[in-house]
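Throughout, read-outs are computed from the coordinates displayed, never taken from laboratory work. Just so we're clear, the structure is a prediction, and the values are computed from it rather than from any experiment. Methodologically, a virtual Cβ is constructed for each residue, glycine included, from the backbone with ideal geometry; neighbour enumeration extends over all protein chains shown.
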Amino acid sequence: MYGGLILGAGTIVALLIIVFSAPLVRLLFERGAFSPDDTRLVARVQNLFALQIPFYLLSMVGVRLLTAMRGTKVVMWVSFCTFVVNVVANLLCMRLWGLPGIALSTSLVYGLSMVLVLWAVFRRLNAIDRRASSSMEAL
C-alpha cells in the first residue's frame, strides 16, 4: 500500500518536473549566458534525470527495510552490481546520445536498483513467512 503511494507521489513529482523543466530552466538561466539551445539541452537532461525519482524513492524505502531485516550484505551486492551497470551503461548511452544518454542511463540503473532491492525484500519476507508457518505447524 505505502509502496504504491510512494511510487505514485514520485511519479507525479517527476511528471511535474518534466512538464515545467524547459520554462523553469529558461526563467532561471536564460539571461544572456544561456542560449535557447542550451536551455533545450539542460531541460532534456533534467527530464531524463527526473525519470529516476519514483525508482529512487521506492528503492530507498526497500534499502532501509532490508537493513532493518539484517540484509546489509544484499544492499552491498546490489550497490556493487548497479555501480558496474551504471559505469557500462553511462559509457554506452553517452556514445549513443551524448550528455542526455548519461541521464537516461542513470535513471534506468535506479530502476534496476529498485527491482533488485524489492526482489530481495520480498524474498526475505517470504522466508520469514515460511518460518512462521512452520513454527505454527509444529505447535
So, with +1 on the Cβ of K and R and -1 on the Cβ of D and E, and no other charges, what is the size of the charge dipole of the chain about its Cα centre, to the nearest 20 debye?
320
Inter-centroid distance (Cα atoms) of segment 4-38 relative to segment 43-69, Å:
17
Expressed as a whole-number percentage, the relative contact order of the chain with C-alpha contacts under 8 angstrom and at least six residues apart is 27
Report the net charge of residues surrounding PHE34, where surrounding means a beta-carbon distance below 12 angstrom and charges are Lys +1, Arg +1, Asp -1, Glu -1.
0
In deg cm²/dmol, rounded to the nearest 500, the helical mean residue ellipticity at 222 nm of the chain, built from -39500 (n - 2.57) for every DSSP H run of length 4 or more, is -32000 deg cm²/dmol
From the phi angles alone, apply the Karplus equation (6.51, -1.76, 1.60; θ = phi - 60°) to segment 102-119 and give each ³J(HN,Hα) in whole Hz, x where the residue is Gly or Pro.
5, 5, 4, 4, 5, 5, 5, 5, 5, x, 4, 4, 4, 4, 5, 5, 5, 4
Quick one: length gained pulling THR11 to VAL85 fully straight, 0.36 nm per residue minus the C-alpha distance?
24.3 nm
Kirkwood Rh in Å, taken over the chain so that all alpha-carbon pairs contribute:
17.1
With 0.36 nm assigned to each residue of separation and the Cα-Cα distance removed, PHE20 to ASN126 gains 34.0 nm
